[in-house]
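The values are calculated or read from the model by the stated rules, or taken from the named source; none is laboratory data. This one's a predicted model, so the numbers in the text were calculated from it and none came from an experiment. Positions of Cβ are generated from backbone atoms using ideal geometry, with glycine treated the same way; all protein chains shown enter the neighbour counts. Remember, those area values only see protein heavy atoms, side chains included, never the ligands or the DNA or RNA. Shrake-Rupley method; radii C 1.70, N 1.55, O 1.52, S 1.80 Å.
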Amino acid sequence: MASETLRLAVPNKGRMREPTLRLLREAGLAFEQTERALSVKVRNADIDLLFVRTEDVVELVADGVADLGITGLDLLEEACRPPASVGVVLPLGFGRCELTVAAPREAGYRRPADFAGLRVATSHPNLTSGYFTGHGVAVEVVRLRGSVEVAPKLGVADAVADLVSTGSTLMINGLRPVLPILSSQAVLVGECAGAGTTTELDTVVTALESVLAGRRRRYLLLNAPREALPVINALIPGLEAPTVIPLAEDGMVAIHSVVERDEVWNLLPRLKESGGRDILVLPIGQLVP
């Protein structure tokens, strides 16, 4: 690195800004940020946060201005054609969306070949061109920086390739999704050759991983008769094995385990049927397996 202080580029606005700041704070970084701040010093770590446009993060990391950055996978892939020196260090699991080719509802387009010779408006020209070229289809890519979904109404294009999360914006503008190009989410990016080579960088990655691991799991506590242990152990194996603690009440034990968050819904009634009671499900702030 050019300096001892690690520089982390983060979105200064948009839908990824607040989830990014929340993730960093949950990871233990202490900082204050105002709307006009371009750079903020983290109080409890040798890290500077650089608040930049999400679209500029990859370039700043590639140029060495930032050591790490948080951006969308779609923007990384768009910038990395041809391949660049920046790669994914860690998927972050938020900001999920899909770059999708969409067309007017009344159009009968179904396959890539149906778009041959058409104009496709997009803010992702490299990904869009690469997709159709990969299918042997020639289209005219119209690059737009915003309001891509209105291009057909304005007569600028025949179809669009735009990021879709719920699909409501497409519906409002009379469009329907036709062809998926890329599934995207927020990612931590860094230089491929330099990732993991410094203590501070490793610390950042470990802290973020611990938050993401905690979000995917829940801490489960319950009391149960000792004879119910075999059944309950089979239901909640935990990271290793459940922790079992004898209770003052004869024949009763307390069972502690970490379980997958998505399994809790179906797990609770089964634990109750097996003799579990006083069941608590608690969130996990950070988890380092």
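Among Gly146, Gly108, Leu49, which residue has its Cα positioned farthest towards the positive end of the charge dipole of region 9-149, with +1 placed on the Cβ of Lys and Arg, -1 on the Cβ of Asp and Glu, and the dipole taken about the Cα centre? About the Cα centre, the residue reaching furthest to the positive side is Gly108. Fraction of C-alpha pairs exceeding 27 angstrom in region 1-136: 33 percent, rounded to a whole number.
Using every pair of distinct Cα positions in region 73-115, the Kirkwood expression returns a hydrodynamic radius of 13.5 angstrom. Rounded to two decimals, what ratio of Rg to Rh does region 39-80 give with C-alpha atoms and a Kirkwood Rh? Result for region 39-80 is an Rg/Rh of 1.02. In the chain, the longest principal axis of the Cα atoms and the axis of helix 264-273 are about 20 degrees apart.
Note on region 72-145: Cα-only Rg and Dmax are 14.0, 43 Å. Relative contact order of the chain, taken over Cα pairs closer than 8 Å and 6 or more residues apart, is 19 percent. Of the residues Arg277, Arg218, the one with the largest accessible area comes first in the ranking Arg277, Arg218, computed with a 1.4 Å probe on protein heavy atoms. At an R0 of 45 angstrom, the distance between the Cβ atoms of Glu273 and Glu32 translates into a FRET efficiency of 0.35. Highest mobility in the GNM of the chain, judged by mean-square fluctuation with C-alpha springs under 10 Å and restricted to Arg22, Arg36, Arg215, is found for Arg36. Rolling a 1.4 Å probe over the protein heavy atoms of region 103-258, with every protein chain left in place, gives an accessible area that is 53 percent carbon and sulfur. May I ask for the angle, rounded to the nearest 10°, between helix 125-134 and the longest principal axis of the chain, with both axes built from Cα atoms and the value confined to 0 to 90°? Helix 125-134 sits at roughly 90 degrees to that axis. Distance between the modelled labels on Glu249 and Ala116, one decimal in nanometres: 7.4 nm (7 Å Cα→Cβ projection).
Between Asn266, Asn12, Asn173, the residue with the greatest mean-square fluctuation in the GNM of the chain (Cα pairs under 10 Å linked by springs) is Asn266.
Ile70 sits among other residues whose Cβ lies under 15 Å from its own Cβ, and their net charge, with Lys and Arg +1 and Asp and Glu -1, is -2.
Name the shape class, rounded, prolate or oblate, that the alpha-carbon gyration tensor gives for region 144-271, where a ≥ b ≥ c are the square roots of its eigenvalues, rounded holds for a/c under 1.5, and otherwise prolate holds if a/b is larger than b/c and oblate otherwise. It comes out oblate by the Cα gyration axes. Each Lys and Arg contributes +1 and each Asp and Glu -1, all at the Cβ; summed about the Cα centre of the chain, the dipole is approximately 840 debye. In the calculated pair-distance distribution of region 36-105, the portion above 16 angstrom amounts to 58 percent of the Cα-Cα pairs. Taking Cα atoms only, the orientation of helix 199-215 departs from the longest principal axis of the chain by about 70 degrees. Taking the helices alone, the chain has a mean residue ellipticity at 222 nm of -7000 deg cm²/dmol, built from -39,500 (n - 2.57) per DSSP H run of at least 4 residues and averaged over all its residues. The mean sequence separation of alpha-carbon pairs under 8 Å and at least six residues apart, normalised by the residue count of region 18-121, gives a relative contact order of 14 percent.
When the Cα gyration tensor is reduced to axis lengths a ≥ b ≥ c, the ratio a/c is 1.5 or higher for region 114-186, and with a/b not above b/c it is classed as oblate.
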